[in-house]
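The values are calculated or read from the model by the stated rules, or taken from the named source; none is laboratory data. Predicted model only: the values in this text are computed from it and were never measured. Positions of Cβ are generated from backbone atoms using ideal geometry, with glycine treated the same way; all protein chains shown enter the neighbour counts.
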Amino acid sequence: MSPAKRRRAAPEVRTKPHSPAAARMSGVCNEATEKVLRTRLAADQYDRLMALPHPQLHRFVADAIELCTPGSVFICADRAEDIRYIREQAVARGEERPLATAGHTVHFDGIQDQGRDREVTRYLVPREDSLSKALNQIEREEGLAEVRGLLAGAMRGRTMIVRCLSLGPADSAFAIPCVQCTDSFYVAHSEDLLYRTAYERFKHLAPDTDLFCFLHSAGRLNGDMVSSEADKKRIYIDYRENTIYSVNTQYAGNTVGLKKLALRLAVRKADREGWLAEHMFLMAVHGPGGRKTYFAGAFPSACGKTCTAMLSGETILGDDIAYFRNVGGRARAVNTESGIFGIIQTVNPKDDPTIYRALTTPGEVIFSNVLVKDGRPYWLGMGSDLPKDGLNFSGQWYEGKTNGDGSLIPPAHKNARYSISLAALANCDPELNNPEGVPVGGIVYGGRDADAYVPIQQSFDWEHGIIAYGAWLETETTFAILGKEGVSEINLMSIQDFVSIPLGKYIRNNLEFGARLQQPPLVFGVNYFLRDREGKFVNQVRDKAVWVKWMELRVHGDVGAARSATGWVPHYEDLQALFRQVLASDYPLEDYVKQFTLRLPENLAKLQRVEKFYQEEVSDAPPALFQVLEEQRRRLLFAQSAAGDYVSPLDLPKMRIP
Ligand code: SPV
Ligand code: MN
């Protein structure tokens with residue numbers, strides 16, 4: 001069919017607006033934008049886009065077309081055949097390969113594209129603005145020129161897919177509409193598993209509703225359909241225009257706009273509007289008598305967040321990003337996503353039965369960067385032996401294969417992942433799509449702290465919790481981010497990579513949010529990574545199943561606790577009963593003493609590190625942060641002078657720490 005025939009005459013809606021403001025209100029885009037769309041879209045695709053009366057959407061798509069010059073454009077209208085087309089094209093074009101189990105596919109990212117890339121992820125900062133120096137940034141005009149230069153003509157000969165999606169349940173006060181343009185069918189397919197589709201909802205958007213816009217191109221691909229110009233990888237955040245550019249990468253954390261890219265825009269929107277966008281899971285813990293209590297939890301990547309959210313016996317709403325609002329004096333939250341892009345390493349039938357089952361039965365799953373042999377996926381720590389050869393992120397793999405630098409290539413990448421819809425999990429919580437969200441009873445912060453904090457404790461109040469467990473969260477870098485592993489760092493509220501406002505302001509927003517609530521959630525700190533003197537972990541992986549039950553009981557005042565210098569800690573008898581009830585196991589007193597001993601030198605050293613970080617790196621740190629620090633130091637010194645460097649939890653009740 002000739003292009004002339006494919007393009008129909010313009011429908012009625014394309015009358016010339018009188019002014020930009022009028023255009024914004026009426027949903028009609030300006031003449032230049034309309035002309036680009038009319039001449040570059042096939043008639044049916046043009047109609048699909050024009051059925052959505054939103055000038056910013058039209059402008060963004062027209063700009064993406066002009067910049068990236070795709071051979072064709074597919075506007076996904078979310079019909080069953082559209083979704084099927086995306087799924088089939090991901091395979092037909094070689095971005096995914098089918099596996100033996102029905103519905104399962106595998107995708108590989110390049111060897112230098114196996115995680116989020118902090119180095120090349122930058123905020124575009126207008127000249128008149130400034131961000132904390134801890135944040136990676138570039139002057140806006142310079143950055144725009146660079147990234148748009150890399151995207152120029154990047155989709156030549158390819159199809160650009162346009163998807164309209166919603167962060168949070170559609171038709172909810174929490175929802176943010178988003179549009180993604182990408183030339184990767186893998187990215188478009190992943191979005192189908194991970195987010196709520198919203199084409200129909202876009203038909204009813206007020207024309208001046210804010211949109212988040214994401215433009216992605218995988219860039220030049222090699223014969224394996226893998227982005228091949230790693231040195232030209234860029235992820236640039238233009239917060240002024242609510243637009244993010246991503247190029248020369250396929251790893252979902254760098255490309256799927258609604259994931260970490262949107263979180264950076266949402267933090268700014270939340271700051272303007274008085275709510276919170278957080279890097280948190282959302283789950284229900286099931287208490288006595290059929291009671292359900294909702295918890296949100298922030299952990300740095302690869303520190304136990306997803307496996308906590310998925311605990312057997314509890315129900316999951318989300319494992320990564322939650323939005324919070326004050327509704328009638330109570331904190332309510334939604335998961336912005338409807339699926340999981342989870343780490344597959346160590347998922348095994350014993351510790352993670354629910355997700356293991358979902359990953360080994362027919363249904364839609366995209367595996368990434370696993371080892372594939374005879375159509376079956378294999379990963380590290382799956383609880384059975386791995387084949388000695390197969391296909392992995394390095395191409396054809398065999399035992400002993402080395403990198404250019406002589407290092408051994410593992411059979412599967414540590415950051416290998418799966419994408420699956422939450423609805424595929426047997427323990428998905430029925431409130432997942434409640435437009436009002438769920439009431440949050442407790443929030444949890446967890447880092448990777450080898451020597452200071454106890455495995456579980458409750459803060460003295462909201463302010464103490466936000467500061468001492470959230471803002472002071474210490475961790476170690478992990479494989480989920482490119483670069484060296486095991487480097488100690490502060491990662492405030494586990495969200496530092498995504499905070500797009502001054503860090504002190506972000507902490508203040510959290511403090512104020514809680515202060516405005518009639519009943520703020522209780523705040524807990526967990527540490528799954530505490531070690532003994534010999535460097536051995538003092539807890540087992542499964543212990544978290546007990547910690548969540550203890551938190552649930554605390555929210556309802558059903559158990560007491562002992563006052564320590566860093567928070568309230570559990571009584572032995574309560575944990576002993578819970579270990580028996582939840583894990584059918586004994587809980588020796590010596591384990592309790594080892595785990596909950598207050599370590600004074602280590603905690604005082606922690607305070608020093610935290611103080612230095614905030615004095616040197618965060619010029620707008622709130623005064624409350626230093627006050628809480630001084631109070632905690634005073635309590636620690638009191639305990640040290642009363643009982644020495646290491647205080648048994650059994651001695652806490654009689655110590656009367658102030
Ligand atoms: C994380 O690394 O925190 C993730 C995966 O949740 S990513 O999409 O890479 O952000
Ligand atoms: Mn995450």
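Quick notes on this one:
- Candidate set: the range 43-65, residues that are of a type in the set (Gly, Ala, Ser) and crowded, with 20+ Cβ neighbours inside 10 Å; chosen: the one nearest to residue 161 (Cα to Cα): 64
- Any hit, the range 254-269, residues being within 16 Å of ligand 1 (Cβ to nearest atom), crowded, with 19+ Cβ neighbours inside 10 Å, over 21 Å from the mean Cα position of the chain (by Cα) and not in a loop (DSSP other than H, G, I, E, B): no
- When residue 273 is tested against the conditions (1) buried (at least 21 other Cβ atoms within 10 Å of the Cβ); (2) away from ligand 1 (no atom under 16 Å from the Cβ); (3) not polar (S, T, N, Q), the lone failure is (1).
- Among the residues of the range 552-585, the one identified as assigned to a helix (DSSP H, G or I), within 29 Å of the chain's Cα centre (by Cα) and either basic (Lys, Arg) or under 16 Å from residue 464 (Cβ atoms) (or both) is 554.
- Unmet requirement for residue 505, which otherwise passes all of (1) touching a helix residue (DSSP H, G or I) at 6+ places or on another chain (Cβ under 8 Å); (2) free of Cβ contacts under 8 Å to residues at least 40 places away in the same chain; (3) surrounded by fewer than 19 Cβ atoms within 10 Å (Cβ to Cβ): (2)
- For the range 317-338, filtering for residues that are within 16 Å of ligand 2 (Cβ to nearest atom) and not in a strand (DSSP E or B) leaves 6.
- Residue in the range 476-488 that is more than 16 Å from ligand 1 (Cβ to nearest atom) and under 24 Å from residue 627 (Cβ atoms) present: no
- Per-region count, the range 293-305, residues away from ligand 2 (no atom under 11 Å from the Cβ) and either outside any strand (DSSP E or B) or touching a helix residue (DSSP H, G or I) at 6+ places or on another chain (Cβ under 7 Å) (or both): 4
- Evaluated against (1) at pLDDT 95 or above; (2) on the phi < 0 side of the Ramachandran plot; (3) touching a Gly at 6+ places or on another chain (Cβ under 9 Å), residue 541 falls short on exactly one condition, (1).
- Taking the range 87-145 as the region of interest, none of the strands (runs of 3 or more DSSP E) fully inside it holds 3 or more residues being away from ligand 2 (no atom under 16 Å from the Cβ) and basic (Lys, Arg).
- Meets criteria (within 15 Å of ligand 1 (Cβ to nearest atom), assigned to a helix (DSSP H, G or I) and either aliphatic (A, V, I, L, M) or at negative phi (or both)) for residue 282: no
- Test for residue 308: is it more than 16 Å from ligand 1 (Cβ to nearest atom) and either closer than 20 Å to residue 430 by Cβ or outside any strand (DSSP E or B) (or both): no
- Filter pass, residue 596 being over 33 Å from the mean Cα position of the chain (by Cα), among the aromatic types (Phe, Trp, Tyr), more than 30 Å from residue 505 (Cβ to Cβ) and modelled with pLDDT of 95 or more: no
- Top-ranked residue of the range 224-253 - restricted to ones that are among the aliphatic types (A, V, I, L, M) and touching a strand residue (DSSP E or B) at 6+ places or on another chain (Cβ under 6 Å), ranked as surrounded by the fewest Cβ atoms within 10 Å (Cβ to Cβ): 252
- Each residue in the range 456-484 was checked for being touching a Phe, Trp or Tyr at 6+ places or on another chain (Cβ under 7 Å) and outside any strand (DSSP E or B), and 4 pass.
- Just one of the listed residues (323, 239) is away from ligand 1 (no atom under 12 Å from the Cβ) and over 18 Å from the mean Cα position of the chain (by Cα), and it is 239.
- Residue satisfying condition, being surrounded by fewer than 21 Cβ atoms within 10 Å (Cβ to Cβ), away from ligand 2 (no atom under 16 Å from the Cβ), on the phi > 0 side of the Ramachandran plot and modelled with pLDDT of 95 or more, within set 557, 535: 557
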